[in-house]
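Working notes, beginning with the structure itself.
The values are calculated or read from the model by the stated rules, or taken from the named source; none is laboratory data. Predicted, not measured: the structure shown is a model, and the values here were computed from it. Cβ placement follows ideal geometry from the backbone for every residue including glycine, while neighbour counts extend to all protein chains displayed. Areas reflect the complete protein model, heavy atoms only, side chains present, ligands, DNA and RNA absent. Shrake-Rupley method; radii C 1.70, N 1.55, O 1.52, S 1.80 Å.
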Amino acid sequence: MPIRSLGYLLWQTPQADTWREFGTEVLGMMAVDGPDPDATYFRTDDRPFRFVAVPGDEPQVTLGFEVDDDLDLEDVVRALEDGGTKVELATDEEARRRLVTGLARFEDPAGVPVELYHGPVLDHEPVQTPLVSRFVTGEQGMGHVVVGTERVTATVDLYRRVLGFRRRNTMRLAMPDPDGTPYSVLHFLGCNPRHHTLGVVAMPFPGNLVHFMLEAAELDDVGRAYDRVHDRKVPIAMTLGRHSNDRMVSFYCMAPDGAMVEFGWGGLAVDEPETTYEITKTSFWGHRPPRR
């Protein structure tokens, strides 16, 4: 596949300053300095960053997808332009500010800003995540993200037909689609062994961000994070449970700015090729709204 993984997320938020404590003391990421002095950068592995909270008047998520090298970046850019998508090539200086070697930008049909890059610039400083044994990244990327849009069909088509994602599974939701269909469909798309890297659904969410997921290496990491959320009175969005598609044991909590984060363990690694399927329940157990 041309796209290797979800390399990073940029989250523009009016409350970017709330993320340093939440990202480190609750999620267990490592806060570091970066090229933008007003932003907060977070590491989970050897990469210079995996998540950035950027100050802005309105919330907006930006997706950063990694490709293997400069030739793959050229191929993906050409495929996008041949399909009618306008792509902007970043200057060398702009790429270095993103701590990568090469960078291109476009906007997907959902209106989500997307960055394509290759060659992360490593600083060779060991990552320190004392609250988490290890985050599961590597070839699977930083985790997964689910975006909300009224243009589901066009968005899914671009990621599948142009960018090479596989549709791993779908789920019908009991809510009308903007196209007039009496139900909407949640699509789970993969680009590496992680079951899904990208989810697309017809739900309006601030800045298009439904949630993003971080996967830890041990089940106890999830339990301890659940305790931290409880102790700090962080709002729970969905209780501990196990998903029916990616088998992830996880819970969902709310960041101080209203963004939703899934923290999980034990995600399914998919052997290619695998046929697509439809699920009728999101979880085998759990993942319930908290009692009020």
Task: Using a Förster distance of 22 Å, the FRET efficiency for Arg161-Asp45 (Cβ separation, nearest 0.05) - done: 0.10
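So how much slack lies between Met175 and Thr91, counting 0.36 nm per residue of separation and subtracting their Cα-Cα distance, in nm?
On the way: separation 84, 0.36 × 84 = 30.24 nm, distance 4.33 nm.
Full-extension gain reported as 25.9 nm.
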- [ ] Kindly report the accessible area of the stretch 99-232 per residue (heavy atoms of protein chains, probe 1.4 Å, no ligands, DNA or RNA), in Å².
- [x] 42 Å²
Task: Highest to lowest packing among 204-212, 89-97, scored as the average C-beta count within 10 Å - done: 204-212, 89-97
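Over the chain, with every protein chain in place, what whole percent of the accessible area is carbon and sulfur at 1.4 Å, could you tell me? Walk me through the intermediate numbers first.
On the way: 6670 of 13590 Å².
Of all accessible area on the chain, carbon and sulfur atoms account for 49 percent.
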TODO: Just check the chain against the gyration tensor rule for me: Cα atoms, a ≥ b ≥ c as the square roots of the eigenvalues, rounded for a/c under 1.5, and otherwise prolate or oblate depending on whether a/b exceeds b/c.
DONE: rounded
Task: Rounded if a/c under 1.5, otherwise prolate or oblate - the stretch 88-186, Cα gyration tensor axes - done: oblate
Open item on the list: Among 70-77, 247-254, how do they line up by average Cβ neighbours within 10 Å per residue, starting with the highest?
Closed with: 247-254, 70-77
TODO: With a 10 Å radius around each residue's Cβ, average the other Cβ atoms per peptide and rank 135-145, 215-225, 269-279, highest first.
DONE: 135-145, 215-225, 269-279
- [ ] Take Leu99, Leu116, Leu122 and sort them by solvent-accessible surface of the protein heavy atoms, 1.4 Å probe, largest at the top.
- [x] Leu122, Leu99, Leu116
Open item on the list: Once you order the gyration tensor axes a ≥ b ≥ c over the Cα atoms, which shape class does the stretch 102-255 get: rounded for a/c under 1.5, otherwise prolate or oblate by comparing a/b with b/c?
Closed with: oblate
